[in-house]
1. Is it the case that some residue within region 57-67 is touching a helix residue (DSSP H, G or I) at 6+ places or on another chain (Cβ under 7 Å), of a type in the set (A, V, I, L, M, F, W, C), in a helix (DSSP H, G or I) and under 19 Å from residue 37 (Cβ atoms)?
2. Residue by residue through region 100-140, note down the ones that are assigned to a helix (DSSP H, G or I), farther than 19 Å from residue 58 by Cβ and at pLDDT 85 or above.
3. When you scan region 170-187, how many residues do you find that are of a type in the set (A, V, I, L, M, F, W, C) and either over 24 Å from residue 231 (Cα atoms) or touching a strand residue (DSSP E or B) at 6+ places or on another chain (Cβ under 8 Å) (or both)?
4. Hey, could you check region 255-295 for residues that are in a helix (DSSP H, G or I) and touching a residue at least 60 places away in the same chain (Cβ under 8 Å) and say which is farthest from residue 306 (Cα to Cα)?
5. Out of the residues in region 29-43 that are in contact (Cβ under 8 Å) with a residue 24 or more places away in the chain and of a type outside the set (A, V, I, L, M, F, W, C), which is farthest from residue 218 (Cα to Cα)?
6. Return yes when residue 190 is in contact with a Leu (Cβ under 9 Å, 6 or more places away or on another chain) and at pLDDT 95 or above and no when it is not.
7. Looking only at region 148-171, filter to residues that are at pLDDT below 90 and in a helix (DSSP H, G or I); which one of those is surrounded by the most Cβ atoms within 10 Å (Cβ to Cβ)?
8. Quick check on my filter: what residues within region 343-357 are part of a helix (DSSP H, G or I), among the small types (Gly, Ala, Ser) and free of Cβ contacts under 8 Å to residues at least 40 places away in the same chain?
Amino acid sequence: MDVEILARIQFAFTVAFHYIYPPLSIGLGLIMVIMESLYIRTGNKEYETLARFWTKIFALTFGVGVATGIVMEFEFGTNWATYSRYVGDVFGSALAAEGIFAFALESGFLGVLLFGWNRVKPWVHLVSTVGVFFGSMFSAVWIVVANSWQQTPAGYHIVGEGINARAEITDFWAMVFNPSSVDRLIHVWLGAFLAGTFLVLSVHAYYLVKGRYVDISKKAFKIALAVATIFSLGQLAAGHKSAEGVAKNQPAKLAALEGHFEANAPADMYVLGWVDKENQVVTGLKIPGGLSFLLEYNFEAPVTGLNAFPEDERPSQVNAVFQFYHIMVAIGVFLIALTVYASFLWWRGQLFEKKWLLTVFAWAVILPQVANQTGWYAAEMGRQPWVVYGLLRTSDALSKSVTANQVLFSLILFFIVYLVLFILFIYLLNKKIKTGPYDEGVADDRPLQSDIATVLTGN
């Protein structure tokens with residue numbers, strides 16, 4: 001493989017591995033705020049116990065996320081020097097803003113969050129939890145802003161020529177609120193909330209299936225289910241709004257997402273399928289004119305297809321973009337169905353009567369992660385061949401001195417190190433889950449709070 005492909009694989013691998021953890025931190029931060037707020041409002045110690053338990057898991061995800069995120073900043077300089085020179089003023093300002101406004105806020109309150117239990121007043125601790133949560137959300141803001149600028153550049157001008165050309169910011173807020181940033185940020189936030197809440201649902205569903213910590217797990221499960229239901233439905237609207245933005249600003253990407261080749265014709269929407277790029281045919285289950293209807297509310301409305309663009313200005317891996325996008329959509333629809341059905345059973349008082357449903361929730365923890373990953377792959381591969389849409393090609397963004405062997409060697413090393421980190425993460429996560437919400441040393445058969453009176457009276 002040539003150096004461009006290897007450099008892209010390396011960056012995709014490192015960023016995909018890193019992105020396992022920040023969504024968990026954001027989603028768990030929201031759950032922690034809710035649980036701790038309920039404790040202060042009701043005085044019920046079980047909510048405090050839950051908040052303490054999930055704070056420990058949050059700390060684990062935060063630590064691994066920080067460690068794995070540092071690598072990418074060095075890759076900009078080693079593998080993508082031309083890119084770094086070209087977008088340094090734009091990307092650098094966003095990363096600086098993340099450090100000043102987000103990471104400082106998050107890390108500043110983190111010490112109180114982790115070590116302030118029983119040392120500060122409950123409301124002070126809640127403020128620290130909210131601070132860490134908002135810090136994690138602000139961090140996502142600046143990363144998404146930087147990436148969205150690459151998708152839909154705004155608020156800049158180009159200075160210099162040839163290899164010395166670079167983008168300079170002329171309007172900071174136009175750069176921040178570029179045409180795709182708000183829609184994409186909401187989409188990312190909702191995906192993160194779902195990743196965190198489904199981890200909570202998974203762990204407490206596991207406890208309920210095993211008959212452990214039943215009373216406290218029912219409380220946690222209901223909190224997470226309410227959040228997951230709201231945001232899975234919200235993700236449907238956010239995804240649609242984001243797709244409308246792609247249709248307006250990146251029509252070649254939209255065409256690749258649905259495998260639409262005809263330059264100006266009504267476009268079908270596929271539930272599933274396979275793209276034959278050579279013959280420009282998609283085989284699968286489709287809704288005729290469905291994409292046209294979603295965009296224009298007219299089944300006959302023409303949609304710009306891939307053939308409207310020169311071949312070297314449209315995504316080369318159309319089938320991969322198509323598949324990643326449809327995996328994301330399928331998971332999103334499944335999560336809506338799952339959470340709405342569970343909420344209906346909750347309303348009827350039958351939520352915890354169906355063991356099979358709890359088992360599904362226990363395993364469903366992987367689905368938001370897969371949806372987040374495939375969504376990003378579809379977005380980034382759909383932008384090709386541009387690293388900055390319409391301005392800088394990926395092939396021109398590479399470092400001029402790096403060789404394929406150097407990139408391959410570092411990729412192998414990253415794989416080994418990240419594999420060790422992932423095994424360690426899973427080991428520690430599993431250990432904390434097995435220990436349970438209560439302090440170590442408390443037996444698994446601890447009497448349920450509702451049964452304490454029965455135990456004491458012997459009735």
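1. yes
2. Residues of region 100-140 that are assigned to a helix (DSSP H, G or I), as a first pass: 100-115, 122-140.
Keeping just the survivors that are farther than 19 Å from residue 58 by Cβ gives 100-101, 123.
Result: 123, single match.
3. Step one: of region 170-187, the residues of a type in the set (A, V, I, L, M, F, W, C) are 172-177, 182, 185-186.
Filter once more, so that each one left must be either over 24 Å from residue 231 (Cα atoms) or touching a strand residue (DSSP E or B) at 6+ places or on another chain (Cβ under 8 Å) (or both): 172-176.
Of the residues in that region, 5 qualify.
4. Among them, the one singled out is 257.
5. Taking the candidates together, the pick is 29.
6. Against the criterion (in contact with a Leu (Cβ under 9 Å, 6 or more places away or on another chain) and at pLDDT 95 or above), residue 190 does not qualify.
7. In this case the residue turns out to be 163.
8. none
The values are calculated or read from the model by the stated rules, or taken from the named source; none is laboratory data. In this text the structure is predicted, and so the values were computed from the model without any measurement. Positions of Cβ are backbone-derived with ideal geometry, glycine not excepted, and every protein chain shown enters the neighbour counts.
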